[in-house]
Structures are given as C-alpha cells and as structure tokens.
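Here's the structure we're looking at; comments come further down.
The values are calculated or read from the model by the stated rules, or taken from the named source; none is laboratory data. Please read all numbers here as calculations on a predicted model, not as lab measurements. We place every Cβ from the backbone using ideal geometry, glycine too, and count neighbours over all the protein chains shown.
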Amino acid sequence: MSLSHSRHFRVAIAAAALIGTATTGVLGLGATDANAHTATSAPTRYEEPGNLLKALEFPELVEGKWAGAAESPTSVPVEPSDTSPGEPEPDSVDAPDPAPAPPAVTADDLRRIVPGIPSERIDQYIAPLNEAMTHNGIDTPVRQAAFIAQLAVESDSFRTFEEYASGRAYEGRSDLGNTQPGDGERYKGRGAIQVTGRHNYEDLSQHTGVDFVAHPELLAAPENAFTTAAWYWTSRDLNNVADTAGIVRVSELVNGGHHALTRRIADFERGLNVLLAP
C-alpha cells in the first residue's frame, strides 16, 4: 500500500481533527481523578458519522474501508449484445471479487505502536487481539489505533490485566454495582481495558457465558482479556465515537476523565502512523 504526499497530509489532518474535538485547553490539563465527570466536547462539524473523513476527502477509511483497498464498482458495463431477437443473451460479465478483508495488525505493528510492551508477550497476545477486533468491527486504522491506545494505557503497555491497586477505593460504589461487602476488591479493574465493578462483571457473564461474578480472576486471563475489552468497547459504541468525536472523547468514556490523556493521544497518533504507513 502506498500513500501519496497529499494523502499523508490528509492523514495528519484527520488525526489532528480526531484528537481536537474535546473541550478547549484540555491538552493543558494534568491527570485528573479517573472517576471524574466526563467533559462535554465542544461541537464541531466533524460530529456527524463519517463526516470527518469525507470532509477530508479520505473515503478509504469511511464505512470500514482500508486505505489502498480496491473498491468494487457499483455496476459493470456489458457490451451490447450481437444476438438476434429471441436468441439467449450471453452471460453477463462477472463482477470483481469484493475488496479483501482488512489485514490483521502484525506483531511488528503492535511493537511499534506500544514500544513498552514486553517482547515475550507480543506473540502471546497478537492473535487474541486481532480476533477480538475482527469480531467487533474494530476494522479501520482509526478504530484500531484508538482501541490499542486505550488498552496500552489501561494495561500498562500490556504488562498486566489486573489493576495494581487493591480495589478498596471502589467499595460501596453503587454506581458500579458494588453493593455487597468486599465488592470493591473482588471486582476491581481486570482485563485489557480494566473492566470494573459488579455490574460490568454481571453483564460480561451474560454476554460471554463465563461466570466472572463467581470467578472474577478469570477476567485477567489472556484468553478473556481481549474479548472482554472488545465487549466494553462495543457496549459503549466506541467505534462510532472514534469515527466521529475523536480520541479525547473515547478516552473520557473509557477512563471517566483525562487520566494519562497525553499518553493516550500519543499512542493513537503512533497507531495511525504505523497502520497507514506505506
């Protein structure tokens, strides 16, 4: 896949617009309480679905299409028939095969997007990461870069799928469903995106058929960590948010505030650079 200089320029502009839709001055903020109220994004002309990439004349990234993928024409011209009336028409020209599925993120891609990832973890995690993205429509460079950026921050560059803190801070948090003694520690953040709270563990159990309520430690297992992260992503409609509102708004909906926002933005930018590289 090759990109012209003008398309590289549009990629850079797209990244800037996808980043810059949050409240004015947000990049000057330090880390805030992860449970703070989410900021209200300033309205922009890019908030309608797909409008950002269309406005930048970057149709390859709209509706799940990848840059460089061949598009199937809507119709195929057929030469006028030479047959006489009453004779059978020749077979129409077969339409081209549909555009290929987007390529998976490679181990080298992941290493470049998340430089801090332990090298011994890459081969272990790349397959379940791709499987989770494929099954949940995380299938464009913008969506994948946003998803991986959030996972990288929440999991400390894929070093842990269980929150370092004890979870006592969540005790009694009825908004998380932690209404029983010990729920704070029992249902602390786990998985690649640090799913937290009894309510989320209950919803996950219903969605996957795995009893994470009775066995919360299973959420931290690599085979579950990415599936559950993708569940959280789609349950908050974050593909659409990534497409339209930008990485700051995605970060707010994942984290609840602006904790490590500069890092999330940097990882997102790096992801776009890697996934759109020629």
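Among the conditions (1) buried (at least 17 other Cβ atoms within 10 Å of the Cβ); (2) touching a helix residue (DSSP H, G or I) at 6+ places or on another chain (Cβ under 6 Å); (3) within 13 Å of residue 150 (Cα to Cα), the only one that residue 263 does not satisfy is (1). Of the residues making up the stretch 201-226, those that are more than 17 Å from residue 185 (Cβ to Cβ), assigned to a helix (DSSP H, G or I) and hydrophobic (A, V, I, L, M, F, W, C) are 204, 225, 226. Which residue out of 241, 248, 254 is assigned to a helix (DSSP H, G or I), within 26 Å of residue 121 (Cβ to Cβ) and assigned by TED's automatic domain parsing to the domain that holds residue 154? Among 241, 248, 254, only 254 is assigned to a helix (DSSP H, G or I), within 26 Å of residue 121 (Cβ to Cβ) and assigned by TED's automatic domain parsing to the domain that holds residue 154. Exactly one residue among 177, 182 is touching a residue at least 24 places away in the same chain (Cβ under 8 Å), over 29 Å from residue 275 (Cβ atoms) and not charged (D, E, K, R), and that residue is 177.
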